[in-house]
Amino acid sequence: MRRFDETVLENFASGVFFGTTHTYLGQEANAAGILSHLQVGDIVFSNHRCHGHFLAYGGDPRALFAELMGRSTGVCSGRGGSQHLHWKNFYSNGVQGGITPIASGIALAEKRKSGDLPPDQRPVAIAFLGDGTLGEGVVYEALNLAALWQAPVLFVLENNHIAQTTPTHQAIAGNMAARFKAFGIPTYEIDSSDVLEILPVAGRLLSEVRQQQAPRALILHTCRFGPHSKGDDTRPQAEIDTLRQQRDPLAIHAPRLAPAERTAIEAQIDETIQRAYQQALQDPFPTFSRLNVYTFERLHVTESQRSSATVLESINAALHSALADDPAVLLLGEDLLDPYGGAFKVCRGLSSAFPGRVLSTPISEAGFTGLATGMALRGLRPVVEIMFGDFVALIADQVINHAAKFRWMYNEQVNVPLVIRAPMGGRRGYGPTHSQSLEKHFLGVPGLSVLAPTALGDPGALLYQAIRNTQDPVLFIENKLLYLQRLHTPQSLAEFEIRQSYPQAVPFAPTYHLLLQDAPPPTLTLAAYGYMAELAMQAALKLAYEFEVFCELVIPTQLAPFELDPIIDSAKRTQRLVTIEEGTMSLGWGAETLAQTAQALGAGLLAARRVAALDIPVPASGPLEAAMLPEVEQIIRVCQEVALKG
């Protein structure tokens, strides 16, 4: 560990390494003392300062050098770099705090999967945190969940007394141990750099976690000899020199070895590290490639009884089927247990039918979404319900910097089959913080699919396929007004010709194409999703019968990744395009759709407009809310204006 990090710092200025690095100099006894106790199946989740943890876990120094150099032979083929590693059961991520719920979810997944093993063989998780991480709120959400659900995880807090350049006493109030103890987690502290003092305590705690299947915390008061990164150490040199003299774990342990033995060990390590470094220098750089395209199996789904089923009933039936058909499926969210069944009753009956697999959570959206991400990493298929879609803002870090990144960042060595359900939209009078349509903020996130069901087809079938079929996270947008909407039948759609097409990314997410029966060729394309599809159909009928403006409706259920060929193909025929969405106008789905269509068609697109909500918060007052959100008459007015152009 020491020689590796010294080699990195010695050669960083030469330009052979990309990005940054965070060395483990001075803290090596921690990793050695703890990870020496690992058993087969144990999982380690580290942070930005992960080199020492990775090497103590048994990682290959050549692969680690190559990763820092951006080479194809690196731990993640150069995709992750210094902070983002995955090998076997070792994971790391550079976002502070966010790993805490994920490590807890990993531990809970392994607890569920290993129930038949003898207690001394059951896997545990270890999460390495830094003192600066204690400033992150999601840490406390995770500690609460880990204690509440008895996750077999050891939280290791390495307190090196300085967070980047800020001394800990200027950033962290109160007592560190008290933070863990407040959640009932037994906590132990060691102020030592001696591996032989750390070793027995770590062994005892890991044994307790393993035997009792419950969390523990270990606070290691340690010393960091190097900078936070490369050259950002503002401490006086005299302070660092004193630390090296008094707290160097190598110097503390060295007298226990015979001089000849120590010399031989050092020579062997120097040769190993230098050979690994030189080999990595000769390794090739990777070439860019897109994500693998998965082959999906179109699973059989029993469709809802369309004459009577509502969208809510269809989704509820799909959740029943997914839980019944796959024991890996779990459901997490707030207030899900019967008789309540969630704020919109979508989950009613599930906890009674599947006890122990519907987990009603604290009000901790980021925490339980991170927990579900950890579960997904270890082979479960969790479904998260966010009570109101507005609260997806609280899970943004977990989705964007963790769940959606892991597969690509870890060189496609992992999958994250996670579905997040979010009721969006207004027209219920809930006001500015419970009525928004925020999906546009997630549409450009690489690695994340965004789906939006309608009352066309079977929304439950779409959800079932997402739960059972996908390997990457899915954000499933459910408009609240659709819940009580009855599924369309041939009778309710008698005035339309309907066909379906399927995108490449999520080939079970249909795009619906609607034309009026026996009408002249359309001269306008209307593109909408979710509840806006209902308004678009109403507008299309009125435009045809009252104004002789004939439209082709294109209604996708996959919003991201953007695959807009059906809309572009329609607009190529009609030469005019109007998009409709309930979210605010600026920088939304409609804006990107129009931009890509204009780029593809050029002068072939004669006119285009967007219909969307005003760029203000959603009012609680009924008349104000109606004026702020899109409605049928506004769609008709805009379509008439577009139809006259060109």
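The values are calculated or read from the model by the stated rules, or taken from the named source; none is laboratory data. It should be emphasised that the depicted structure is a prediction, and the values quoted were computed from it without experimental measurement. No Cβ is skipped: glycine too gets one built from the backbone with ideal geometry, and neighbour counts run over all protein chains shown. Surface accessibility is based on the protein's heavy atoms, side chains included, excluding ligands, DNA and RNA. Shrake-Rupley method; radii C 1.70, N 1.55, O 1.52, S 1.80 Å.
Key figures for this structure:
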quantity	calculated
1.4 Å probe accessible area per residue over the chain, in Å²	39
Accessible area (Å², 1.4 Å probe, nearest 10) - Asp326	30
Farthest toward positive dipole pole in the range 496-646 [+1 Lys/Arg, -1 Asp/Glu at C-beta], among Leu606, Gly583, Ile567	Leu606
Where labels lie 7 Å past Cα in the beta-carbon direction, separation of Phe285 and Gln164 in nm	2.9
Links that overshoot a 29 Å alpha carbon limit, given the list Lys111/Lys440; Lys111/Lys480; Lys405/Lys440; Lys88/Lys111; Lys88/Lys345; Lys88/Lys113	Lys111/Lys440; Lys111/Lys480; Lys88/Lys345
Among (1) 1.09; (2) 1.00; (3) 1.41, the entry derived from the coordinates for Cα Rg over 2.2 N^0.38 Å	(1)
Extension gain from Leu644 to Gln121, taking 0.36 nm per residue of separation minus the Cα-Cα distance	180.9 nm
Probe 1.4 Å, all protein chains present, accessible-area order of Tyr545, Tyr91, largest first	Tyr545, Tyr91
The range 369-384-the range 445-514 distance, computed between alpha-carbon centres (Å)	23
The chain, dipole about Cα centre (Lys/Arg Cβ +1, Asp/Glu Cβ -1), debye to the nearest 20	440
Estimated 222 nm signal from helices in the chain, with DSSP H stretches of n ≥ 4 weighted -39500 (n - 2.57), rounded to 500	-10500 deg cm²/dmol
Spin-label model distance (nm) - Asn11 vs Leu484, 7 Å beyond Cα toward Cβ	6.8
Between the range 558-590 and the range 145-199, the alpha-carbon center distance in angstrom	50
Dipole magnitude of the range 309-426, debye to nearest 20 (Cβ charges: Lys/Arg +1, Asp/Glu -1, about Cα centre)	220
Zone residues, the range 190-204, relative to Arg256, backbone N less than 16 Å from point 7 Å out along Cα-to-Cβ	191-204
With all protein chains modelled, accessible area of Trp87 [1.4 Å, Å²]	80
Calculated FRET value between Gln596 and Gln211, using beta carbons and R₀ = 51 Å, to 0.05	0.35
Length gained when the stretch Phe547-Lys572 is fully extended (0.36 nm per residue, less Cα-Cα span)	6.8 nm
Accessible-area ranking of Phe344, Phe180, largest first, probe 1.4 Å	Phe344, Phe180
Top positive-direction residue, dipole computed over the chain with Cβ charges, set Thr523, Leu243, Phe54	Phe54
Relative contact order (%) - the chain, alpha-carbon pairs under 8 angstrom, separation at least six	11
Net charge over other residues, Cβ less than 13 angstrom from the Cβ of Cys347 (K, R count +1; D, E count -1)	-2
Added length on full extension, which subtracts the Cα-Cα distance from 0.36 nm per residue, Tyr340 to Arg637	102.7 nm
Summed side-chain charge close to Gly97 - residues other than Gly97 whose Cβ falls under 10 Å, Lys, Arg +1, Asp, Glu -1	-3
Positive-end residue of Leu629, Gln500, Leu143, charge dipole of the chain with Cβ unit charges	Gln500
Given charges at beta-carbon only (K, R positive; D, E negative), |dipole| of the range 553-642 in Debye	360
At 1.306 mPa s and 10 °C, Stokes diffusion of the range 555-633 via Kirkwood alpha-carbon radius, µm² per second	117
With DNA, RNA and ligands ignored, accessible area of Asp270 (1.4 Å probe; Å², nearest 10)	70
